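Asker: Attaching a single structure in structure tokens format; questions to follow.
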Amino acid sequence: DAGVIQSPRHEVTEMGQEVTLRCKPISGHNSLFWYRQTMMRGLELLIYFNNNVPIDDSGMPEDRFSAKMPNASFSTLKIQPSEPRDSAVYFCASSVGGTNTEAFFGQGTRLTVV
Amino acid sequence: AQSVTQLGSHVSVSEGALVLLRCNYSSSVPPYLFWYVQYPNQGLQLLLKYTSAATLVKGINGFEAEFKKSETSFHLTKPSAHMSDAAEYFCAVSERGSQGNLIFGKGTKLSVKP
């Protein structure tokens, strides 16, 4: 298996533009997570899905952020409009689901908003 | 709410020396615990996990961790550091009964001196 695949790896955009990050989880995994990593705040859970249904989006910072999972093999995280403080590395992770199962992480998308 | 505290944002050891990275959790019920490693510009990779089977857990690359309920700790150790161990290490907790979403500590960056 290729693992969790994220695209793009790097994104540079201007403030106010819409940004869409993409994730393909590992086949057969039922849970999908979006994390944000910054120097100041470390790794923060933004939202997670179970069987394509959003379970907890309390970590989504603002209404500018939205996430979808239209099917078991694809998820998006969208920021509209983007702001410089959104600059971070965004990770997608997937797991088979359940409390004691480990999450497998993608390589991340490094977002820079100028 | 669950939380994880990693003491020391930066640890430096000499090659061949003992590695000790500290992690304490806060939970009234022993959670599931994980250690992940992140190499530069990479995603997170699982080192080991505790799921209440054995209190001493062995992971990849010679790392191990011991769960101590009385101390609410899950410290990561390796008897002899290698240069290749230089990376950032994250302790994470997953609450029993949850969907498997992980709460991460702030991370500890390990440097290994020749």
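Asker: Just to be sure I understand the filter: pairs with C-beta atoms under 7 Å, separated by 6 or more residues or on different chains, first member in segment B:12-30 and under 12 Å from B:Ser111 (Cα atoms), second member assigned to a loop (DSSP other than H, G, I, E, B). Which pairs pass?
Answerer: Close Cβ pairs satisfying both conditions: B:Val13/B:Ala81; B:Glu15/B:Ala81; B:Glu15/B:His82; B:Glu15/B:Pro114; B:Ala17/B:Ala81; B:Val19/B:Ala81.
Asker: Quick one: in segment A:64-110, which of the residues that are of a type in the set (S, T, N, Q) and at the interface with chain B (Cβ under 8 Å from one of its Cβ atoms) is surrounded by the fewest Cβ atoms within 10 Å (Cβ to Cβ)? Spell out the reasoning first.
Answerer: Keep residues of segment A:64-110 that are of a type in the set (S, T, N, Q), which gives A:66, A:71, A:73, A:75-76, A:80, A:82, A:87, A:94-95, A:99-101, A:107, A:109.
So of that shortlist, the ones also at the interface with chain B (Cβ under 8 Å from one of its Cβ atoms) come out as A:95, A:99-101, A:107.
Working: A:Ser95: 25, A:Thr99: 15, A:Asn100: 17, A:Thr101: 19, A:Gln107: 17.
Taking the candidates together, the pick is A:Thr99.
Asker: Here's a follow-up. If you take the residues of segment A:46-102 that are among the small types (Gly, Ala, Ser), assigned to a loop (DSSP other than H, G, I, E, B) and within 19 Å of A:Glu11 (Cα to Cα), which of them is nearest to the chain's Cα centre (by Cα)? It would help to see each step written out before you state the result.
Answerer: Restricting attention to segment A:46-102, the residues satisfying the condition of being among the small types (Gly, Ala, Ser) are A:58-59, A:66-67, A:72-73, A:75, A:82, A:87-88, A:93-95, A:97-98.
Keeping just the survivors that are assigned to a loop (DSSP other than H, G, I, E, B) gives A:58-59, A:72-73, A:82, A:87, A:97-98.
Going one step further and asking which of them are within 19 Å of A:Glu11 (Cα to Cα), we end up with A:82, A:87.
Numbers: A:Ser82: 15, A:Ser87: 13 Å.
So, considering only residues that are among the small types (Gly, Ala, Ser), assigned to a loop (DSSP other than H, G, I, E, B) and within 19 Å of A:Glu11 (Cα to Cα), the one nearest to the chain's Cα centre (by Cα) is A:Ser87.
Results for (1) modelled with pLDDT of 95 or more; (2) surrounded by 12 or more Cβ atoms within 10 Å (Cβ to Cβ); (3) of a type in the set (Lys, Arg), shown as yes or no for each residue.
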residue	(1), (2), (3)
B:His10	yes, no, no
B:Ile60	no, no, no
B:Ser80	yes, yes, no
B:Asn101	no, yes, no
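Asker: From the list B:Ala54, B:Ala81, which one is more than 23 Å from A:Ala93 (Cβ to Cβ), part of a loop (DSSP other than H, G, I, E, B) and within 14 Å of another protein chain (Cβ to nearest Cβ)? Let's see the steps before the verdict.
Answerer: Numbers: B:Ala81 fails: within 14 Å of another protein chain (Cβ to nearest Cβ).
Sole residue among the options that is more than 23 Å from A:Ala93 (Cβ to Cβ), part of a loop (DSSP other than H, G, I, E, B) and within 14 Å of another protein chain (Cβ to nearest Cβ): B:Ala54.
Asker: Another question, then. Can you name the residue in segment A:32-63 that is over 18 Å from A:Gly97 (Cα atoms) and among the charged types (D, E, K, R) and, of all such residues, is surrounded by the fewest Cβ atoms within 10 Å (Cβ to Cβ)? Can you show your working first?
Answerer: Narrowing segment A:32-63 to residues over 18 Å from A:Gly97 (Cα atoms): A:36-44, A:58-63.
Among the residues that remain, those that are also among the charged types (D, E, K, R) are: A:36, A:41, A:44, A:62-63.
Values: A:Arg36: 22, A:Arg41: 11, A:Glu44: 16, A:Glu62: 9, A:Asp63: 7.
Per the stated criteria, the residue is A:Asp63.
Asker: Somewhere in segment B:36-49, is a residue under 21 Å from A:Gln107 (Cβ atoms), surrounded by fewer than 20 Cβ atoms within 10 Å (Cβ to Cβ) and more than 14 Å from chain A (Cβ to nearest Cβ)? Show your work before the answer.
Answerer: Residues of segment B:36-49 under 21 Å from A:Gln107 (Cβ atoms): B:36-47.
Now narrow it down to the ones that are surrounded by fewer than 20 Cβ atoms within 10 Å (Cβ to Cβ): B:39-42, B:45-46.
Okay, now just the ones that are also more than 14 Å from chain A (Cβ to nearest Cβ), so none.
Among the residues of segment B:36-49, not one is under 21 Å from A:Gln107 (Cβ atoms), surrounded by fewer than 20 Cβ atoms within 10 Å (Cβ to Cβ) and more than 14 Å from chain A (Cβ to nearest Cβ), which makes the answer no.
Asker: While we're here: Filter segment B:50-70 down to the residues that are farther than 24 Å from A:Phe104 by Cβ and more than 15 Å from the chain's Cα centre (by Cα) and list them by number. Steps first, please.
Answerer: Here is the first cut: in segment B:50-70, the residues farther than 24 Å from A:Phe104 by Cβ are B:55-56, B:66, B:68-70.
Result: B:Lys69, B:Ser70.
Asker: Sticking with this one: Taking the condition within 14 Å of chain B (Cβ to nearest Cβ) and over 30 Å from B:Ser52 (Cβ atoms), does A:Cys23 pass? Can you show your working first?
Answerer: On the way: within 14 Å of chain B (Cβ to nearest Cβ): yes; over 30 Å from B:Ser52 (Cβ atoms): yes.
Yes: the conditions hold for A:Cys23.
The values are calculated or read from the model by the stated rules, or taken from the named source; none is laboratory data. Not measured: the values here are computed from a predicted model. Counting neighbours? That spans all protein chains shown, and the Cβs are built from the backbone with ideal geometry, glycine included.
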